[in-house]
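The values are calculated or read from the model by the stated rules, or taken from the named source; none is laboratory data. Just so we're clear, the structure is a prediction, and the values are computed from it rather than from any experiment. Cβ: placed from backbone, ideal geometry, glycine included. Neighbour counts: every protein chain shown.
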Amino acid sequence: MEGVMFGGKHHTVTAIRRKDSSIDFFHLPRKTRPVLQKLKKIPFLRGLIGIIEASANGSQHLTYSSDRIDVDPADDEKIEKEKVSKTTMILSVAAIGVLSLLFSKFIFTLVPVFLANFTKPIFPGDVAQVLIEGLFKLMLLLGYIYFISFTPMIKRVFQYHGAEHKVINAYENNLELTVENVQSMSRLHYRCGSSFILFTVVVGVLIYIFFSADSLWLRVVNRLALIPVVLGVSFEVLQLTNKLRNVPVLKYLGYPGLWLQLLTTKEPDNDQVEVALASFNELLKVENEIEEQLIIEKII
């Protein structure tokens, strides 16, 4: 909300624009969990672990920004005092968020199954049904993103999303991190989560072809059971397209995800880019301090 989050090896940082136009920061150290670190090294499983971690960390950053978005900085002490009483509420919101995520995933997974089933008298073949199901899913996804992008709040979120990509693109192209240089960059990026969402549709179609089912109820069970598989494979495809983005012919594999970002990102204004730059520079500073401390500890 009115801000940008960046994540590094040791830390995640959010910068938000306050009501008085100042910029505030929220820092969240990454917790090292040996079991999860081992699981994140396993292909196809690491994507699921990454999604869970990102959701857990993201909810804390979102809570920070939403708590302060309409609050004058002079009243921040009041927010701190209310934190204890808000614990139950935050847990409730988190639970609702998880349920909403599962519900939306079920909707985008199951509704296309039922819609495709209505066309079965015309297209009875298993492959045809999977393709039509994928088409309905794609239409639902694009239609949903397109219409919510017209709401003022989501439009600003998408502008900050564009600012985030522009900063990363400037950094990866070794440009000086100024507002002018950042604004000259593309708002699209290969590693974006929007690309991941689209890949789940495409990968799902390819996987469902090998697990087709005759009856409707079996197809429903089949699709629900395969959700973790689709997510895991889609993550690997996202990683692969990022590695191939500089290969002349293979770089086009990532283009569908980039096209979707034309919907999920908007051109930011200079103030929004300034917030994104502040977040990224703060992350770089924190990461460098931690790395220097680790080097000192090794020497000692």
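Details
- Positions within segment 9-37 being free of Cβ contacts under 8 Å to residues at least 40 places away in the same chain, surrounded by 12 or more Cβ atoms within 10 Å (Cβ to Cβ) and either outside any loop (DSSP other than H, G, I, E, B) or among the small types (Gly, Ala, Ser) (or both), in sequence order: 26, 28, 36
- Complete set of residues in segment 285-300 that are of a type outside the set (D, E, K, R) and in contact (Cβ under 8 Å) with a residue 24 or more places away in the chain: 286, 290
- Of 207, 227, 197, all but one fail to be within 24 Å of residue 49 (Cβ to Cβ), over 22 Å from the mean Cα position of the chain (by Cα) and surrounded by fewer than 22 Cβ atoms within 10 Å (Cβ to Cβ); the exception is 207.
- Top-ranked residue in segment 101-152 [being charged (D, E, K, R) and more than 29 Å from residue 2 (Cα to Cα); ranked as nearest to the chain's Cα centre (by Cα)]: 137
- Only one of 222, 242, 270 that is within 21 Å of the chain's Cα centre (by Cα) and in contact (Cβ under 8 Å) with a residue 12 or more places away in the chain: 242
- Residue list for segment 181-193, restricted to those being surrounded by 22 or more Cβ atoms within 10 Å (Cβ to Cβ) and assigned to a helix (DSSP H, G or I): 182
- The single condition from (1) surrounded by 14 or more Cβ atoms within 10 Å (Cβ to Cβ); (2) out of contact with any helix residue (DSSP H, G or I) (no Cβ under 7 Å at 6 or more places or on another chain); (3) under 25 Å from residue 187 (Cβ atoms) that residue 277 fails is (2).
- Looking across segment 252-267 at every residue that is of a type outside the set (Asp, Glu), loosely packed, with under 15 Cβ neighbours inside 10 Å and over 17 Å from the mean Cα position of the chain (by Cα), the one that is farthest from residue 23 (Cα to Cα) is identified as 252.
- Subset of segment 259-300 [modelled with pLDDT of 90 or more and of a type in the set (Val, Ile, Thr)]: 264, 265, 273, 275, 286
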